[in-house]
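Structure record follows, encoded as structure tokens.
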Amino acid sequence: MEIVHTISAFKQLLKPLKKEKLKIALVPTMGALHKGHLSLIEIAKDSADIVVCSIFVNPTQFTDPKDLERYPRPLEHDIKMLTDAGCNMVFMPTVKEMYPTFPVPEDWHLDLGPAEFLLEGEFRKGHYQGVTQIVKKLFDVVEPDIAFFGQKDFQQVLMIRNMVKHFQMPLEIVSCPIIREDDGLAMSSRNIHLSPSDRENSLVLNKALQFVSDNFEKLDLEELLAKAKTMINNTPGVELDYFTIADSESLLPVDDKKAHNSVVLVAAKVGQTRLIDNMILN
Ligand code: AMP
């Protein structure tokens, strides 16, 4: 597995692969890899000749400096996981490599549509500008034919699709299923910050989503939301940011269960750790 730190070195390695017309897949990550990330690598391997994983903790998408500072960076562990997973190349740039003027911000503003400002966009102002800024840069370096993202970050996939449309980039974006622990907690690099009691309390998020999914046909929307929110609000140490049943394109709350393409999404702080999760309903 090739490990590359600079854009120029990466482009050099890319040249012969492009000449051979090999299909290149990109899996962008911020490292601290777990089985959720590896599932993206596995899916990527099935549909491309070369799988590139990027590891970059992108400062422009963090709205809380403490969150950025304490973001886990177990690089050796990540490299071992990617080698074992059969990843072909890892792109691991420094902050200066991706943002030469850092900490002076670059000009970047994209119209990502009204959904940018809902849900995560409301609680993490500017988050999707930072996400699309780095993903555009990574796409420009790697020039993938196809890129894989997790449904875990549901709104992120929408925003990236909008960015790709905006620049008319010739690549396919694939959303991959959420990988969970055996007890239902969605895997996340931030889960290591959960204390044993947080870990126990965090299970209510998946339980509330599952409750909505199981009862979607039976109960009306208000009852579904009220019961699910009560489950969460009655759990100690869990502070709800949002719990919504939304249209999967606009992310606006649905007012009719017969409408197709609904998704239930949640974000909550469990102890000091903010977690998100979701489930597609129909
Ligand atoms: P991150 O390193 O958190 O930026 O995540 C990198 C990619 O992995 C994103 O596309 C995430 O949506 C995806 N991902 C994170 N957690 C999971 C999970 N539990 N299951 C599937 N994909 C995930």
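The values are calculated or read from the model by the stated rules, or taken from the named source; none is laboratory data. These numbers were taken from a predicted model, which means no experiment stands behind them. A quick note on method: Cβ atoms are made from the backbone with ideal geometry, for glycine too, and the neighbour counts reach across all protein chains shown. Surface accessibility is based on the protein's heavy atoms, side chains included, excluding ligands, DNA and RNA. Shrake-Rupley method; radii C 1.70, N 1.55, O 1.52, S 1.80 Å.
Of the residues in region 180-224, how many are surrounded by 15 or more Cβ atoms within 10 Å (Cβ to Cβ) and closer than 17 Å to residue 33 by Cα?
Of the residues in region 180-224, 11 are surrounded by 15 or more Cβ atoms within 10 Å (Cβ to Cβ) and closer than 17 Å to residue 33 by Cα.
Quick check, is residue 95 in contact with a helix residue (DSSP H, G or I) (Cβ under 7 Å, 6 or more places away or on another chain) and open to solvent by 40 Å² or more (accessible area, probe 1.4 Å)?
yes
Consider only pairs whose beta carbons are under 8 Å apart and that are at least six residues apart or on different chains; among these, list those whose first residue lies in region 90-105 and is outside the structural domain of residue 141 (by TED's automatic domain parsing) and whose second residue is surrounded by fewer than 19 Cβ atoms within 10 Å (Cβ to Cβ) and assigned to a loop (DSSP other than H, G, I, E, B).
Qualifying pairs under 8 Å: none.
Given the conditions (1) more than 11 Å from the ligand (Cβ to nearest atom); (2) surrounded by fewer than 17 Cβ atoms within 10 Å (Cβ to Cβ), and given that residue 35 satisfies all but one, which numbered condition is not satisfied?
So the condition that residue 35 fails would be (1).
Considering only region 168-282, give the helices (runs of 4 or more DSSP H) lying wholly within it that have at least 3 residues that are touching a helix residue (DSSP H, G or I) at 6+ places or on another chain (Cβ under 9 Å).
On the way: elements: 196-201, 203-215, 221-233.
Result: 203-215, 221-233.
Could you count how many residues in region 98-115 are open to solvent by 80 Å² or more (accessible area, probe 1.4 Å) and either touching a Ser or Thr at 6+ places or on another chain (Cβ under 9 Å) or among the basic types (Lys, Arg) (or both)?
Looking only at region 98-115, we keep the residues that are open to solvent by 80 Å² or more (accessible area, probe 1.4 Å), and these are 100, 103-105, 107, 109, 111, 114.
Those left that are additionally either touching a Ser or Thr at 6+ places or on another chain (Cβ under 9 Å) or among the basic types (Lys, Arg) (or both): 105, 114.
Looking only at that region, the number is 2.
Report yes if some residue within region 165-176 is open to solvent by 30 Å² or more (accessible area, probe 1.4 Å), in contact (Cβ under 8 Å) with a residue 60 or more places away in the chain, within 13 Å of the ligand (Cβ to nearest atom) and closer than 18 Å to residue 40 by Cβ; otherwise report no.
Yes.
I'd like the residue in region 39-51 that is open to solvent by 10 Å² or more (accessible area, probe 1.4 Å), touching a residue at least 60 places away in the same chain (Cβ under 8 Å) and of a type in the set (A, V, I, L, M) and, out of all such residues, is nearest to the ligand (Cβ to nearest atom). Don't jump to the end; show me each part of the working.
Filtering region 39-51 down to residues open to solvent by 10 Å² or more (accessible area, probe 1.4 Å) leaves 39-40, 42-43, 45-50.
Of the ones still in play, those that are also touching a residue at least 60 places away in the same chain (Cβ under 8 Å) are 39-40, 43, 47-48.
If we keep only those that are of a type in the set (A, V, I, L, M) too, we end up with 40, 43, 48.
Values: 40: 6, 43: 10, 48: 16 Å.
By that ranking, first place goes to 40.
Results for (1) of a type outside the set (Phe, Trp, Tyr); (2) over 30 Å from residue 122 (Cβ atoms), shown as yes or no for each residue.
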site: 1; (1), (2): yes, yes
site: 7; (1), (2): yes, yes
site: 18; (1), (2): yes, yes
site: 22; (1), (2): yes, yes
site: 51; (1), (2): yes, yes
site: 68; (1), (2): yes, no
site: 75; (1), (2): yes, yes
site: 81; (1), (2): yes, yes
site: 91; (1), (2): no, yes
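Return the residues of region 177-226 that are within 16 Å of the ligand (Cβ to nearest atom) and among the small types (Gly, Ala, Ser); say none if nothing qualifies.
Within region 177-226, 184, 186, 188, 189, 202 meet the criteria.
Six or more apart or on different chains, Cβ under 6 Å: which pairs go from a residue in region 257-282 that's modelled with pLDDT under 95 to one that's open to solvent by less than 10 Å² (accessible area, probe 1.4 Å)? Could you list them?
Matching pairs, first to second residue: 282/262.
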